[in-house]
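Participant: First, the structure itself, so that you have it in front of you.
The values are calculated or read from the model by the stated rules, or taken from the named source; none is laboratory data. These numbers come from a predicted model, not from an experiment. Methodologically, a virtual Cβ is constructed for each residue, glycine included, from the backbone with ideal geometry; neighbour enumeration extends over all protein chains shown. In case anyone asks, the SASA skips ligands and DNA or RNA and just uses the protein heavy atoms, side chains included. Shrake-Rupley method; radii C 1.70, N 1.55, O 1.52, S 1.80 Å.
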Amino acid sequence: MTEPAEPADRTDRTDRTGRTGRTDHVDRGGAAGPAGAGSPGGSIRPAEFPGGRGLFRLDHAVSHLNHGSFGAVPVPVQETQAALREQAHGDPDAFFLDAPDRLVEARSRIAARLGADPDGLAFISNATEGANVALDAVEFAAGDEILVTDHGYGTVVAAAARRAPVTTVALDPHLPDEDAVREAVLAGVTPRTRVAVLDHISSPTARLIASPRLLAELAERGITTIVDGAHAPGMLPDPLGGGADFWFGNLHKWGYAPSGTALLSVAPRHRDRVRPLVPSWEDHHGFPRSVENRATFDYTGWLAAPDGLDLLEQLDAVKVRAHNSALAGYGAALLAAIPGITALPHTEGLALRTLLLPPGVAETPADARELRERIAAEQRIRVLIWPWPGGGGIRISGQIYNRAEEYERLAEILPAYLP
């Protein structure tokens, strides 16, 4: 693995909370710039984000165009977590006895960045856990149903199916805009619909589903809304602004946090019914502390998470988002020029783009996985291939460590993997 150069002018100061205070001077990169020829679709070739690649310990022999699946942890955040682990190993009693109070402080820092209520926010490990905690807090009666869409994340939909009968709304990937998505979801509501579990940004198709208007109209019908915001923190400027009853999202994708760091947000009227999946010694405090406590769990990722959002702001979050969106758009324009590949409608500003592959390609989960791994093994390019009847899809991500030539190479090699 190639080690990046250390960012210049760093002075580390580890305080009693385990945070690493910094005087980093990180270059603030702009969005796309005219740094070369345009794509076949007319997109301007984005310039490299200054200092972006050096902030990560990624293997530069691999094109990591799938940030949306697992994220990547910047070096400064890795160092903060390493310092916290030293504390845990140096005095385990002090570390674990202090952990609940330190989590409150970390959660408050994150809430301030996201414009959230720290008393309504809890650390969790991932979006699937958030779905289960939220669904357990809903009181179902006989005959109640849960509405989901066919764009929903598999384990989240499975969690819903464990609690009540599920009605699945089919969303055509070609729906032109947010209003068309909203109308399709509302058309699936029945008198039995008790809960709607919706993606904030859909994982396979990378488009906005749980819009504020849709959530408001569902609330008017007395439907409890549970939003899977796995991709929202760090990518959207106001990830919790929709007013859902329950919302959960990962910080380890676009928020630069360590893996296994996510958030659950609960509206005030539901908080007294929230229970952790496993009882803990913090249960008497109620939500959110009861959900966060895991005994001898590795809390270092959660405690380091505020540094990820701090880094995003230091880099200038607006410029990071614009740059990443421009990269994804550039790559999508290149892929759309390949015969047989169809661009899908997308939500402006996102760092994810998806396109449909030709009929007969990646129609099943097994075929999609096989194609994904062939491209990774033979070309050292990481993308998401997702299954869909009649022809699966390809999703690419843009992040500050990516370069335009990585998408150009993907467009060059991809035709050989198509009929």
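Participant: Restricting attention to the stretch 388-401, report how many residues are open to solvent by 10 Å² or more (accessible area, probe 1.4 Å) and at pLDDT 95 or above.
Facilitator: Here the count works out to 1.
Participant: Could you list all residues from the stretch 200-255 that are of a type in the set (Asp, Glu) and either within 19 Å of Glu139 (Cα to Cα) or at pLDDT 95 or above (or both)?
Facilitator: Glu217, Glu220, Asp228, Asp245, listed by residue number.
Participant: Look at the stretch 331-355 and say how many of its residues are surrounded by fewer than 24 Cβ atoms within 10 Å (Cβ to Cβ) and among the hydroxyl-bearing types (Ser, Thr, Tyr).
Facilitator: Result for the stretch 331-355: 2.
Participant: Right, next: Taking the stretch 259-286 only, how many residues are part of a loop (DSSP other than H, G, I, E, B) and either crowded, with 24+ Cβ neighbours inside 10 Å or at pLDDT below 95 (or both)?
Facilitator: The number of residues fulfilling the criteria is 10.
Participant: Now a separate question. What's the number of the condition Asp238 fails, among (1) touching a residue at least 60 places away in the same chain (Cβ under 8 Å); (2) among the charged types (D, E, K, R); (3) in contact with a helix residue (DSSP H, G or I) (Cβ under 7 Å, 6 or more places away or on another chain); (4) open to solvent by 40 Å² or more (accessible area, probe 1.4 Å)?
Facilitator: So Asp238 meets the others, but not (3).
Participant: Give all pairs with beta carbons closer than 6 Å in which a residue from the stretch 362-373 that is touching a residue at least 24 places away in the same chain (Cβ under 8 Å) meets a residue that is aromatic (Phe, Trp, Tyr); count only pairs at least 6 apart in sequence or on separate chains.
Facilitator: So the pair list comes out as Ala368/Trp386.
Participant: Filter the strands (runs of 3 or more DSSP E) completely within the stretch 88-181 down to those with at least 3 residues that are more than 21 Å from Pro387 (Cα to Cα) and either modelled with pLDDT of 95 or more or not hydroxyl-bearing (Ser, Thr, Tyr) (or both).
Facilitator: Because the criterion is at least 3 residues that are more than 21 Å from Pro387 (Cα to Cα) and either modelled with pLDDT of 95 or more or not hydroxyl-bearing (Ser, Thr, Tyr) (or both), the strands (runs of 3 or more DSSP E) in the stretch 88-181 that meet it are 121-124, 145-149.
Participant: Follow-up question, since we're still on this one. Step by step: first the residues of the stretch 242-256, then only those that are in a loop (DSSP other than H, G, I, E, B) and within 11 Å of the chain's Cα centre (by Cα), then the one that is farthest from Tyr299 (Cα to Cα). Which residue is that?
Facilitator: Trp254
Participant: Would you mind finding the one in Leu175, Leu135, Leu147 that is open to solvent by less than 30 Å² (accessible area, probe 1.4 Å) and over 30 Å from Ala305 (Cβ atoms)?
Facilitator: Leu147
Participant: Then there is this: Pairs needed: first member in the stretch 377-403, more than 25 Å from Pro345 (Cβ to Cβ); second member anywhere, of a type in the set (S, T, N, Q) and open to solvent by less than 10 Å² (accessible area, probe 1.4 Å); C-beta distance under 8 Å; at least 6 residues apart or different chains.
Facilitator: What qualifies is Ile400/Asn324.
Participant: Give me the residue from the stretch 290-312 that is open to solvent by less than 10 Å² (accessible area, probe 1.4 Å) and aromatic (Phe, Trp, Tyr) and, out of that set, farthest from Ala134 (Cα to Cα).
Facilitator: Out of the qualifying residues, it is Tyr299.
Participant: Taking the condition of being farther than 17 Å from Leu240 by Cα, in contact with a Phe, Trp or Tyr (Cβ under 8 Å, 6 or more places away or on another chain) and in contact (Cβ under 8 Å) with a residue 24 or more places away in the chain, how many residues in the stretch 261-274 meet it?
Facilitator: Residues in the stretch 261-274 being farther than 17 Å from Leu240 by Cα, in contact with a Phe, Trp or Tyr (Cβ under 8 Å, 6 or more places away or on another chain) and in contact (Cβ under 8 Å) with a residue 24 or more places away in the chain: 1 in total.
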